[in-house]
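Taking it in order: structure first as structure tokens, then the write-up.
Just so it is clear, none of the values below were taken in a lab; they were calculated from the coordinates. Values in this document were obtained by computation on a predicted structure and should not be read as measured data. Every residue, glycine as well, gets a Cβ built from its backbone with ideal geometry; the counts of neighbours run over all protein chains shown.
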Amino acid sequence: MPGGFAYNPTNATVLSVGTNTLSVIFTPTDTVDYVSVTDSVSLVVLPATPLLIWTNPAPVSYGTAISSNQLNAFANVPGSFAYNPTNGTVLNPGNNTLSVIFTPTDTVDYNSVTDTVNLLVLPPLSAPLFTMQPSTRSSVLGRVLALPRRPRAFLRRRINGSFPQTIQPGLTSTVPLKWIIRPILPV
């Protein structure tokens, strides 16, 4: 039957989140023999999910605090990012998972989104070490330990008779011990 349709809301209207009523009025061309008809339906609109983009960052060296270089997710709507671990954290060597929760400014029309990426933390560069043994001589607390002349030497320290613990050179002593330093010479 020829006629025209009048829709409410009109074509290309962006509906709000929730239940919306759509209605139509059909008006026939021949209004003498036919009458106009009206109908309506309900349409539920769900919140949209923002597009969140975050790629795996480049590897970092051990000791590097994570920053905006790694915590740099992007969303296509305004909002805030909550990262775990947070900015300034120093991660352990190996593969680490970083996560983000994006909360849109408009929480009525958009859902929150989560994402994860992997960050490889490279192990520390090995440095020459040396052996330290208890002695009757005293070291100065807080004095920086010097490197031995032989690069293949390594450092071990006994604390109250416990097993040896490896320490990297250049660190300062925080435990008042009496030490004698003996480089271990290569065989």
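Remarks
- For segment 55-81, a tally of residues being more than 21 Å from Asp106 (Cα to Cα) and of a type in the set (A, V, I, L, M, F, W, C) returns 5.
- Filtering segment 71-92 to residues that are touching a strand residue (DSSP E or B) at 6+ places or on another chain (Cβ under 6 Å) and part of a loop (DSSP other than H, G, I, E, B) leaves Leu71, Ala73, Val77, Gly88, Leu91.
- Per this entry, Ser23 is not counted among residues that are free of Cβ contacts under 8 Å to residues at least 12 places away in the same chain and either in contact with a strand residue (DSSP E or B) (Cβ under 7 Å, 6 or more places away or on another chain) or among the small types (Gly, Ala, Ser) (or both).
- Looking only at segment 1-54, and only at residues there that are assigned to a loop (DSSP other than H, G, I, E, B) and among the small types (Gly, Ala, Ser), the one that is nearest to the chain's Cα centre (by Cα): Ser16
- Qualifying residues in segment 58-97 (those that are under 10 Å from the mean Cα position of the chain (by Cα) and closer than 17 Å to Pro123 by Cβ) - the one surrounded by the fewest Cβ atoms within 10 Å (Cβ to Cβ): Asn96
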